[in-house]
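The values are calculated or read from the model by the stated rules, or taken from the named source; none is laboratory data. As the structure is a prediction and not an experimental result, all values here were calculated from the model. Counting neighbours? That spans all protein chains shown, and the Cβs are built from the backbone with ideal geometry, glycine included. In case anyone asks, the SASA skips ligands and DNA or RNA and just uses the protein heavy atoms, side chains included. Shrake-Rupley method; radii C 1.70, N 1.55, O 1.52, S 1.80 Å.
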Amino acid sequence: MFTPTLRILAAAMLLASASAGAQSTAPIKVGLMLPATGTYANLGQMIENGFKLYVAEKGGKIGGREIQYFKVDDESDPAKATDNVNKLIKRDQVDIVIGSVHSGVAMGMAKVARETNTLMIVPNAGADIITGAMCAKNIFRTSFTNWQPAYAMGVVAAKNGHKKAMTITWNYAAGTEAAKGFVDGFEKGGGKVGQNLTLPFPNVEFQALLTEIAAQKPDAVFAFFAGGGAVKFVKDYVASGLNKTIPLYGPGFLTDGTLEAQGEAAQGMTTTLHYADNLNTPRDNAFRLSFAKTYKTNADVYAVQGYDAAQLLEAGLNAAGGDIKNRDKVVDGMAKAQIDSPRGKFTLSAAHNPVQDIYLRQVKGNLNELKGVAIKALADPAKGCKM
Ligand code: PHB
């Protein structure tokens with residue numbers, strides 16, 4: 001019936017469709033580069049749990065594809081970031097890297113992701129530059145920039161009538177950029193910020209710096225610490241008695257995922273963040289219940305960011321019919337996604353960073369309770385981003 005040429009053509013077409021089929025049924029290889037040790041270990045675990053919870057809720061598949069996980073413990077060590085991310089990209093040949101918690105590590109990852117054109121989602125690290133000069137088509141974030149929650153805290157502290165503040169942070173991008181965000185918001189509201197006291201990450205010997213705060217007597221203190229370091233700082237601040245005369249403010253990392261360990265010391269503290277523990281929306285309630293049932297612990301901001309990273313990947317896959325290699329469609333789908341996040345719906349800016357409400361929260365018991373919206377739909381200025 002068929003001429004030999006037609007037969008060859010038909011065979012070629014069959015082969016092509018078979019290989020396309022194979023490609024679209026193979027699992028998506030997801031590389032998780034998160035801290036499994038050190039002061040941020042718990043944050044990494046919450047991100048991973050959040051990501052996997054979303055995939056599990058979807059029956060183990062997103063965009064019609066199964067997910068296969070590859071992991072490295074990045075130890076929150078920027079010096080090892082290049083080697084670590086290359087284990088995922090070169091050795092494991094992952095389709096996408098998800099990471100990390102620490103800004104310095106994420107910058108190392110983003111540099112390699114840019115050079116190798118690897119798809120990347122940042123599920124925490126706030127390094128401003130990833131939304132600025134290092135922004136790229138293939139790099140997305142489901143968390144925040146260090147500037148965002150800190151700027152909102154500065155605005156609120158000025159509104160609360162404080163005039164003279166000091167900042168205290170770890171001496172790396174997250175700390176110095178958060179301090180800068182606070183200064184922007186506080187000085188816009190008429191306040192003045194004195195010295196930024198710092199100590200190396202992840203040190204927790206705060207005594208000398210607390211003595212310095214006592215000597216300078218500002219009328220408010222802004223601090224960036226997170227994880228195990230935040231637990232110790234809040235306790236030390238209260239033990240020093242400073243909290244009696246000088247209120248302590250910070251981006252919500254100071255009290256998120258830490259309240260059980262901080263206990264009494266954190267009670268009444270006011271912070272700003274893109275999440276709170278009692279948003280009481282159907283979406284968030286369902287998420288928190290599902291998370292608590294699965295992991296026997298309460299969700300926090302890190303869990304939300306991990307969960308949303310899976311949602312963002314799904315948006316890209318859906319736009320590309322499940323074909324992760326169809327990069328233009330994946331990127332387009334991710335860039336245009338509206339994420340139905342437990343924190344509230346959000347979209348991404350042109351620089352691929354969430355445009356989101358920053359909530360005002362106050363600690364009561366083991367919850368960061370919602371007190372209002374500090375700033376609605378806050379976008380990072382994305383200075384220097386050209387895409
Ligand atoms: C960061 O390094 O960007 C960082 C780490 C922990 C946080 C927030 C930001 O909770």
Practice task
Inspect the stretch 59-77 for any residue being in the same structural domain as Gly322 (by TED's automatic domain parsing), assigned to a helix (DSSP H, G or I) and not polar (S, T, N, Q) and give the result as yes or no.
Solution key: no
Exercise for the section: Could you grab me the full set of residues in the stretch 144-167 that are in a helix (DSSP H, G or I), out of contact with any Asp or Glu (no Cβ under 9 Å at 6 or more places or on another chain) and either among the basic types (Lys, Arg) or within 11 Å of Ala179 (Cα to Cα) (or both)? Expected result: Pro149, Met153, Lys159
Handout entry: Residue within the stretch 179-198 that is within 21 Å of the chain's Cα centre (by Cα) and outside any helix (DSSP H, G or I) present
Key = no
Completion exercise
When every residue in the stretch 178-206 that is in contact with a Gly (Cβ under 6 Å, 6 or more places away or on another chain) and buried (at least 20 other Cβ atoms within 10 Å of the Cβ) is compared, the one nearest to His102 (Cα to Cα) is Phe182
Fill in the blank from the handout: Among helices (runs of 4 or more DSSP H) completely within the stretch 223-299, the ones holding 1 or more residues that are under 21 Å from the mean Cα position of the chain (by Cα) and more than 16 Å from the ligand (Cβ to nearest atom) are 282-295
Exercise for the section: Could you please give the count of residues in the stretch 210-222 that are in a strand (DSSP E or B) and either within 16 Å of the ligand (Cβ to nearest atom) or in contact with a His (Cβ under 6 Å, 6 or more places away or on another chain) (or both)? Expected result: 2
Exercise for the section: Within the stretch 90-107, identify whether any single residue is outside any helix (DSSP H, G or I), modelled with pLDDT of 95 or more, of a type in the set (Asp, Glu) and over 30 Å from Arg361 (Cα atoms), and answer yes or no. Expected result: yes
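Conditions tested, residue by residue: (1) under 25 Å from Ser341 (Cα atoms); (2) surrounded by fewer than 24 Cβ atoms within 10 Å (Cβ to Cβ); (3) polar (S, T, N, Q); (4) free of Cβ contacts under 8 Å to residues at least 24 places away in the same chain.
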position	(1), (2), (3), (4)
Ser103	yes, no, yes, no
Arg114	no, yes, no, no
Ile121	yes, no, no, no
Ala125	yes, no, no, no
Asn138	yes, yes, yes, no
Asn146	yes, no, yes, no
His162	no, yes, no, no
Handout entry: Subset tally (residues that are in a helix (DSSP H, G or I), over 19 Å from the mean Cα position of the chain (by Cα) and not hydrophobic (A, V, I, L, M, F, W, C)) for the stretch 300-327
Key = 2
Handout entry: Tally, over the stretch 262-286, of residues that are more than 24 Å from Ile213 (Cα to Cα), hydrophobic (A, V, I, L, M, F, W, C) and surrounded by 16 or more Cβ atoms within 10 Å (Cβ to Cβ)
Key = 3
Practice task
Take Lys159 and decide whether it is over 21 Å from Gly44 (Cα atoms) and more than 16 Å from the ligand (Cβ to nearest atom).
Solution key: yes
Exercise for the section: Only residues in the stretch 305-323 that are farther than 19 Å from Gly50 by Cα count as the first member; pair them with residues that are part of a helix (DSSP H, G or I) and among the small types (Gly, Ala, Ser), Cβ under 7 angstrom, at least 6 apart or cross-chain, and list the lot. Expected result: Asn318/Gly333; Ala319/Gly333; Ala320/Gly333; Gly322/Ser24; Asp323/Ser24
Fill in the blank from the handout: Of the residues in the stretch 69-79, those that are open to solvent by 80 Å² or more (accessible area, probe 1.4 Å) and on the phi < 0 side of the Ramachandran plot come to Lys71, Ala79
Handout entry: Yes/no for Thr82 being open to solvent by 20 Å² or more (accessible area, probe 1.4 Å), closer than 19 Å to Ser100 by Cβ, polar (S, T, N, Q) and part of a loop (DSSP other than H, G, I, E, B)
Key = no
Completion exercise
Here the residues within the stretch 108-129 that are within 13 Å of the chain's Cα centre (by Cα) and within 12 Å of the ligand (Cβ to nearest atom) are Val122, Pro123, Asn124, Ala125, Gly126, Ala127, Asp128
Completion exercise
In the stretch 354-387, anything small (Gly, Ala, Ser) and open to solvent by 40 Å² or more (accessible area, probe 1.4 Å) is listed as Ala377, Ala379, Gly384
Exercise for the section: Looking only at the stretch 218-233, decide whether some residue is open to solvent by 50 Å² or more (accessible area, probe 1.4 Å), outside the structural domain of Ala41 (by TED's automatic domain parsing) and closer than 19 Å to Lys164 by Cβ. Expected result: yes
Problem - Within the stretch 346-386, strands (runs of 3 or more DSSP E) holding 2 or more residues that are among the polar types (S, T, N, Q) and out of contact with any Pro (no Cβ under 8 Å at 6 or more places or on another chain) - result: 354-364
Exercise for the section: Take Gly181 and decide whether it is free of Cβ contacts under 8 Å to residues at least 12 places away in the same chain and of a type outside the set (A, V, I, L, M, F, W, C). Expected result: no
